[in-house]
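All remarks here apply to the structure that follows.
What follows draws every value from the coordinates through simple rules; no lab data is involved. Predicted model, so just to flag it, every value in this text is computed and none were measured. Here Cβ is always computed from backbone atoms with ideal geometry, including for glycine, and neighbour counts include all displayed protein chains.
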Amino acid sequence: MEIDVSQLEVGDEFFFCVQGNITRAMVIRPVQAKKIQPSYNPNNKTYYKSVKCKISAIQKTHTNTWNGKTRTWVTTEYRASENYTIEKFVNLNCKNIWLLKRKSI
């Protein structure tokens, strides 16, 4: 079922899209509305702060040696599995959110 950001509760598990990949996440903190709404808001839509979530993702480290210098970078690969590995804030204001489980903590 597709829902809006305002309908999310603590403990809800949902899907959303990040960088073209469907990602599974779980809400950790309650959703809060922004105190100051943007001035470019023609439809008086309520915008929300970024939501703190546990996200299913894998971080991979890559190294490359070129011209005598070693460079290391980390890439994040988002997944739709049940293993929540990363906690981060996610901006869900203009994204499609599909509710998977509603479980209040």
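Structure values in brief
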read-out	value
Contacts under 8 angstrom Cβ, first residue in the range 10-35 being in contact (Cβ under 8 Å) with a residue 40 or more places away in the chain and under 13 Å from N96 (Cβ atoms), partner loosely packed, with under 13 Cβ neighbours inside 10 Å and of a type outside the set (A, V, I, L, M, F, W, C), 6 or more apart	F16/K95; F16/N96; C17/K95; C17/N96
Selection from the range 49-69 of residues that are part of a strand (DSSP E or B) and either under 17 Å from the mean Cα position of the chain (by Cα) or aliphatic (A, V, I, L, M) (or both)	V51, K52, C53, K54, I55, A57, I58, Q59
Conditions (1) closer than 17 Å to F14 by Cβ; (2) surrounded by fewer than 10 Cβ atoms within 10 Å (Cβ to Cβ); number of the one not met by N67	(1)
Matching residues, the range 1-43, being touching a Leu at 6+ places or on another chain (Cβ under 7 Å) and either surrounded by fewer than 13 Cβ atoms within 10 Å (Cβ to Cβ) or not in a strand (DSSP E or B) (or both)	M1, V5, D12, V31
Residue in the range 75-105 that is nearest to N21 (Cα to Cα), counting only those that are hydrophobic (A, V, I, L, M, F, W, C) and not in a strand (DSSP E or B)	A80
Criterion (among the β-branched types (V, I, T), in a loop (DSSP other than H, G, I, E, B) and over 17 Å from F89 (Cβ atoms)) met by exactly one of T46, T72	T46
